[in-house]
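All remarks here apply to the structure that follows.
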Amino acid sequence: MLAALTMGATAQSADSVRVKNDTTGTKKTVGEIAKTLPQFPGGQKALKQFFEKNVRYPEAAQDYDVEGQVIMTFFVNEDGSLSDISAHDCKINRFNTTRFSQETESKQKELKEQFAKLFAKEGYRLIKKMPKWTPGKLNGKVVRTKYNLPINFVNPHK
């Protein structure tokens, strides 16, 4: 498997924002968490299969046996399309310490940043390639929903 999908993704409606106390001193909530989460067509099993079929482990990461995780954030719109795709929390979880120790400290830092960017770029490519999702719902109404999807990258050659 080239990448593993971490279950437990989170979602919330786009207007789920807490407003500070207004002039009357009462708190207002602008929206709530989506009651029905957006879903990849066919569910979690189909999403896992999509990743297994489409992920490309970056070749540059193979030499250093790098493994990592990126959390992709995007919106599932009312029509199921995906937008506002971004990557955050790009982490390197494991690498070949023998190979890395041959590099200077500044080179090691540069390589880790490079690999994190490669994982983020691949995560972005995967999300862009996805078909439309089943949108989230709040009180029976379809809503635009923010979704966080962790993707783990594992070296397929180890």
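Structure values in brief
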{"quantity": "Candidates 143, 66, 70, filtered to the one that is more than 13 Å from the chain's Cα centre (by Cα) and over 23 Å from residue 35 (Cβ atoms)", "calculated": "66"}
{"quantity": "Any pair with Cβ under 7 angstrom, 6 or more apart, that starts in segment 111-127 at a residue that is within 10 Å of residue 90 (Cβ to Cβ) and ends at one that is open to solvent by 20 Å² or more (accessible area, probe 1.4 Å) and in a helix (DSSP H, G or I)", "calculated": "118/60"}
{"quantity": "Hey, residue 78 without any contact (Cβ under 8 Å) to a residue 40 or more places away in the chain, assigned to a loop (DSSP other than H, G, I, E, B) and either in contact with a strand residue (DSSP E or B) (Cβ under 9 Å, 6 or more places away or on another chain) or more than 22 Å from residue 35 (Cα to Cα) (or both) or not", "calculated": "no"}
{"quantity": "Scan of segment 66-90 for residues that are open to solvent by 30 Å² or more (accessible area, probe 1.4 Å) and either basic (Lys, Arg) or at positive phi (or both), ordered by number", "calculated": "84, 89"}
{"quantity": "Members of segment 89-146 that are in a helix (DSSP H, G or I), touching a Leu at 6+ places or on another chain (Cβ under 9 Å) and among the β-branched types (Val, Ile, Thr)", "calculated": "127"}
{"quantity": "Count - residues of segment 36-56 that are in a loop (DSSP other than H, G, I, E, B), out of contact with any Gly (no Cβ under 8 Å at 6 or more places or on another chain) and open to solvent by 20 Å² or more (accessible area, probe 1.4 Å)", "calculated": "3"}
{"quantity": "Test: residue 93 is closer than 26 Å to residue 53 by Cα, modelled with pLDDT under 90 and open to solvent by less than 20 Å² (accessible area, probe 1.4 Å)", "calculated": "no"}
{"quantity": "Residue that is modelled with the highest pLDDT [pool: residues in segment 61-75 that are within 19 Å of residue 124 (Cα to Cα) and not in a strand (DSSP E or B)]", "calculated": "66"}
{"quantity": "Answer from 112, 158, 129, 137 - the residue that is modelled with pLDDT of 95 or more and either over 14 Å from the mean Cα position of the chain (by Cα) or open to solvent by 40 Å² or more (accessible area, probe 1.4 Å) (or both)", "calculated": "129"}
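The values are calculated or read from the model by the stated rules, or taken from the named source; none is laboratory data. Fair warning: this is a prediction, and the values are worked out from it, not measured in the lab. Methodologically, a virtual Cβ is constructed for each residue, glycine included, from the backbone with ideal geometry; neighbour enumeration extends over all protein chains shown. Just so you know, the surface numbers come from the protein's heavy atoms only, side chains and all, with ligands and any DNA or RNA stripped out. Shrake-Rupley method; radii C 1.70, N 1.55, O 1.52, S 1.80 Å.
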